[in-house]
1. How far is helix 15-26 tilted, in degrees, relative to the longest principal axis of the Cα atoms in the chain, given as a value from 0 to 90 rounded to the nearest 10?
2. Roughly how many nanometres apart are two label points built 7 Å out from the Cα toward the Cβ at residue 49 and residue 65?
3. At q = 0.09, 0.13, 0.19, 0.24 Å⁻¹, work out log10 I(q)/I(0) for the chain with the Debye formula, treating every Cα as an identical point scatterer and leaving solvent out; two decimals please.
4. If we sort 107-115, 35-43 on the protection proxy, mean other Cβ atoms within 10 Å, highest first, what's the order?
5. Figure the gain on full extension for residue 2 and residue 29 (residue separation times 0.36 nm, minus the Cα-Cα span) and round it to one decimal in nm.
6. Counting Lys and Arg as +1 and Asp and Glu as -1, each charge on the Cβ, what is the dipole of the range 3-114 about the Cα centre in debye, to the nearest 20?
7. So, counting K/R as plus one and D/E as minus one, what does the shell of residues with Cβ under 15 Å around residue 8 add up to?
8. Taking the Cα centroid of the range 61-115 and of the range 1-43, what is the distance between the two, rounded to the nearest whole Å?
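None of the figures in this text is laboratory data; all of them are computed from the coordinates on show. All of these numbers come straight from a predicted model, not from anything done at the bench. For neighbour counting, all protein chains shown are included, and Cβ atoms are generated from backbone atoms with ideal geometry for every residue, glycine included.
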Amino acid sequence: MKEIVYYQKENWKIPVLEFINSLKLNNQKLFSKIYWKIKILWMWLTWNDDIKFIKDKIYELRIKNSSDISRIFYFTYDWKMIILLHWIIKKDNKLNNKEITIALEYKKDFLKRIW
């Protein structure tokens, strides 16, 4: 099985984990769905329609909750780790380049600091 790793910025903030923890109090249903989807991703049993390739080996994990779609951007490192980078909540299927750029910057920063 893989290891789930939350990307940590240089200022010690962990974007995806902070988002998930904020849901514990505000939206228990979405919290549970995200937790479950990450666990399925960890076991590599996820369904094709939940994962979408973005670019540069970055994927998004989609979690539908009523009319919103939560997206967690991630990539795999050394086939042993799944690095959760960035998250957004969207009401439509369009993905803007700003969010992709943030995920790419986080990936680049992670790879720079791990070496």
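1. 20 degrees
2. 2.0 nm
3. Per q value, in the given order, log10 I(q)/I(0) is -0.22, -0.46, -1.05, -1.66.
4. Working: 107-115: 12.6, 35-43: 15.0.
Ranking, from highest mean packing down: 35-43, 107-115.
5. Result: 7.2 nm gained on full extension.
6. For the range 3-114, the charge dipole is close to 160 debye.
7. Local charge sum for residue 8: +1.
8. Answer, in whole Å: 11.
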